[in-house]
Amino acid sequence: MASSPIISIPSHPNKPAWCTSEFTVPKSTQMFFGRCDRVVSEWHSAFYASKLERKDWFKIAQALLTPAFWTSNCTTNPAYTWYIGRIEETVERAKMESQCEKVHLVGHSAGGWLARAYLGGVACPATQGDRGAAKLVGPRHCDVRSLVSLGSPHLSPPASAPDMTRGTLRWVNEKWPGAHFMEEGVKYVCVTGRTVKGDANAEKGTLSRYASVSYSQVCGEGDTVEGDAVVPNSSAILQANCAPLSK
């Protein structure tokens with residue numbers, strides 16, 4: 001019998017293979033996907049990728065019409081309803097085609113914390129495609145063997161830092177904190193990198209200066225903080241098995 005299928009939940013536009021894009025993928029993610037290539041081959045697992053195009057992220061603008069957006073009290077609906085729906089469609093297709101009851105999820109960046117919302121059961125489009133009215137789906141953790149997050153900013157930023165999710169990430173953490181479904185059998189693995197240390201005094205245009213700015217937006221601090229140049233280690237780790245990758 002084939003092993004449970006592996007589903008990629010990307011944050012960048014992808015192609016029908018691994019989560020590839022024209023953007024630079026953090027070294028930690030490249031290393032992990034290199035290992036995944038071997039896992040897929042050795043485990044005889046089918047691989048699926050949740051479809052994502054660059055223009056899809058404009059759908060987040062739906063939240064602009066809600067009071068919650070302006071008070072930073074958003075949930076995943078309506079801004080990320082379409083994204084949850086893509087995960088749901090991919091999981092159901094993978095289960096049907098593989099004849100397996102459970103799948104493995106691999107979420108990159110925002111895909112990691114949005115996958116946690118999917119496990120808990122949130123709104124997704126009621127009809128095929130992204131334009132259907134929202135419907136509530138029940139908890140989906142029973143369909144998932146494991147969730148691997150790659151450089152995902154799991155922790156909501158402090159009050160001193162801007163919340164780019166307008167409260168959505170905080171809401172996810174309040175409803176399903178940490179490795180919430182671990183006792184129900186879901187295995188969590190957080191992959192992060194410690195390749196780049198932020199340096200607020202570095203020259204403009206350098207990676208360490210860029211990392212310092214990025215880290216401060218995620219966790220409120222950037223100088224001397226370690227991470228993958230985008231997400232600091234402290235924000236990428238849940239109460240789970242974690243794999244910080246070396247330089």
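Modelled label-to-label distance, Arg93 and Leu65, 7 Å Cα→beta-carbon offset: nm?
Calculated label separation equals 2.8 nm.
Using amide H atoms built in the peptide plane, which far-off residues or other-chain residues are under 5 Å from Val189 H to H?
Amide H neighbours of Val189: Leu147, Val148, Ser149.
Arrange the residues Glu226, Glu101, Glu184, Glu88 by how much accessible surface each exposes, largest first, with a 1.4 angstrom probe.
Working: Glu226 70, Glu101 150, Glu184 105, Glu88 25 Å².
From most exposed to least exposed: Glu101, Glu184, Glu226, Glu88.
What are the ³J(HN,Hα) couplings of the stretch 59-70, residue after residue, when phi is run through the Karplus curve with 6.51, -1.76, 1.60 and θ = phi - 60°? Round to Hz, x for glycine and proline.
Residue by residue, the stretch 59-70 yields 5, 4, 4, 4, 6, 4, 8, 10, x, 4, 5, 7 Hz.
I need the phi-derived Karplus couplings for the stretch 87-98: 6.51 cos²θ - 1.76 cosθ + 1.60, θ = phi - 60°, integer Hz, Gly and Pro marked x.
These are the phi-based 3J(HN,Hα) values: 4, 4, 4, 5, 4, 5, 5, 4, 5, 5, 6, 8 Hz.
Beta carbons within 10 angstrom, averaged per residue: use that to sort the peptides 227-237, 55-65, 205-215, highest first. Working shown, then result.
Working: 227-237: 23.9, 55-65: 13.5, 205-215: 18.2.
My ranking of the peptides, most packed first, is 227-237, 205-215, 55-65.
Give the long-range amide H neighbours of Lys102: residues separated by 5 or more places, or on another chain, with amide H under 5 Å away, using H modelled in the peptide plane at 1.01 Å from N.
Sorted by chain and number, the residues that satisfy this come to none at all.
What part of the accessible area of the stretch 66-120, given as a whole %, is carbon or sulfur when the probe is 1.4 angstrom? Mind dumping the intermediate values first?
On the way: 1050 of 1930 Å².
Of all accessible area on the stretch 66-120, carbon and sulfur atoms account for 55 percent.
Using a probe radius of 1.4 Å on heavy atoms only, what accessible surface per residue do you get for the stretch 48-87? Whole Å² is fine. Before the final figure, lay out the partial values.
Working: 2040 Å² over 40 residues.
Spelled out: the 1.4 Å probe surface of the stretch 48-87, per residue, equals 51 Å².
Could you work out how far apart the two model spin labels at Thr206 and Met164 are, taking each label as a point 7 Å from the Cα in the direction of the beta carbon, and quote it in nm?
Spacing of the two 7 Å Cα→Cβ label points: 2.3 nm.
Tally Lys and Arg at +1 and Asp and Glu at -1 over the other residues with C-beta under 13 Å from the C-beta of Val186: what net charge comes out?
On the way: positive: Lys102, Arg116, Arg140, Arg145, Lys187; negative: Asp143, Glu183, Glu184.
Within the 13 Å Cβ shell, the charges total +2.
Give the accessible surface of the stretch 147-247 per residue, rounded to a whole number of Å², with probe radius 1.4 Å and ligands, DNA and RNA excluded.
On the way: 5010 Å² over 101 residues.
On a per-residue basis, 50 Å².
The values are calculated or read from the model by the stated rules, or taken from the named source; none is laboratory data. Values in this document were obtained by computation on a predicted structure and should not be read as measured data. Virtual Cβ from ideal backbone geometry, glycine too; neighbours counted across all protein chains shown. Please note that ligands, DNA and RNA were not included when accessible areas were found on the heavy atoms of the full protein model with its side chains. Shrake-Rupley method; radii C 1.70, N 1.55, O 1.52, S 1.80 Å.
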